[in-house]
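The values are calculated or read from the model by the stated rules, or taken from the named source; none is laboratory data. Just so you know, these numbers come straight off a predicted model, no measurement behind them. Note that we place each Cβ from the backbone using ideal geometry, even for glycine, and neighbour counts take in every protein chain shown.
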Amino acid sequence: MIHSYSQGVPKVPENEPTANATAETPLPPGLDVLWGKRDRGQRGPKPALTVEAIVDAAIELADAGGLEAISMAGVAKRLGFTTMSLYRYVTSKDELLQLMWNGSAKGADTVVLHGDTWRARIRDWSMIQRRMLDRHPWITQMPLAAPPMAPNSLLFVERGLEALDGAELSDEQKMRAIGLLSSYALSEARMANDARRAASSGTQPPTNFEQLLRVLVDEQTYPRLHRLAWAREPQQAPDEHAEFLAGIDCILDGIQAMIDRNLG
């Protein structure tokens, strides 16, 4: 589920309407920029830099070199400005990361989901999310202290809920379903990205799971794993994409079972 930030929420005076308190609740740094709530002033010449240019440059650096390639100095150098220039627009690296996450989901409002059933549409939604994570693998390196609350991220959540239109689920159950699918996509993309990074650095040779099991497990102690390891010849290169889709279908089977319980 989407959680709200709790820090920095002003205390509501007695007899003051809740709606007013909500309107005055300050957004955490980063979110105020993303939602257009930070006042940068209107006077002076047109700025030479923009937040969008900074974010685009940072994403290009991260796509090429991972999250470790991101620094305020590195982004400034790529843009041809001083590091201090960036701080007029982005207050910290943490804020920049939030802006990058939102930038990585650009185009969420134009996503077209294919399929005549909720299952086909949400499967397509999950595949789009996985392709985005593979296109920007640095996202899998980012800390997840809270669900993303950026505009593009919430637009993609909205599209996931839209995909489930017609499914006999409560809104809360729909949020749980897309949260589970998102967590699975992120986890699988992280493992695939870690494997690629390890292989490219030469620190870890590519090894098949079944091949390792044949070396490590004996039949008496691990009878079921032993049977799995020797059931067939190990594949030299497992089809990671096919395995990902099999996991998605497994989750969708569970969602269908939840629908069946609701109708029972």
- Query: Do we find a residue being more than 26 Å from the chain's Cα centre (by Cα) and among the aromatic types (Phe, Trp, Tyr) anywhere in region 230-238?
  - Reply: yes
- Message: Restricting to region 100-124, count the residues that are surrounded by fewer than 22 Cβ atoms within 10 Å (Cβ to Cβ), under 16 Å from THR50 (Cβ atoms) and of a type outside the set (D, E, K, R).
- Response: 1
- Item | Of all residues in region 160-178 being charged (D, E, K, R) and part of a helix (DSSP H, G or I), the one that is nearest to the chain's Cα centre (by Cα) | ARG176
- Task: Output the residues belonging to region 56-73 that are surrounded by fewer than 16 Cβ atoms within 10 Å (Cβ to Cβ) and more than 20 Å from the chain's Cα centre (by Cα).
- Result: SER71, ALA73
- Residue count for region 96-130, restricted to those that are in a helix (DSSP H, G or I), of a type in the set (A, V, I, L, M, F, W, C) and touching a residue at least 24 places away in the same chain (Cβ under 8 Å): 10
- Query: All but one of (1) touching a residue at least 40 places away in the same chain (Cβ under 8 Å); (2) outside any helix (DSSP H, G or I) hold for PRO143; which doesn't?
  - Reply: (1)
- Message: Among the residues that make up region 136-146, is at least one of them farther than 25 Å from LYS93 by Cα and of a type in the set (Ser, Thr, Tyr)?
- Response: no
- Query: What do you reckon, is ALA242 at pLDDT 90 or above, within 22 Å of MET127 (Cβ to Cβ) and loosely packed, with under 10 Cβ neighbours inside 10 Å?
  - Reply: yes
- Message: For region 146-159, which positions are assigned to a loop (DSSP other than H, G, I, E, B) and either surrounded by fewer than 18 Cβ atoms within 10 Å (Cβ to Cβ) or basic (Lys, Arg) (or both)?
- Response: ALA146, PRO147
- If the Cβ limit is 6 Å and pairs must be 6+ apart or interchain, which residue in region 169-182 that is closer than 18 Å to ASP249 by Cβ pairs with which residue that is crowded, with 17+ Cβ neighbours inside 10 Å and not aliphatic (A, V, I, L, M)? ILE178/GLY160; LEU181/SER126
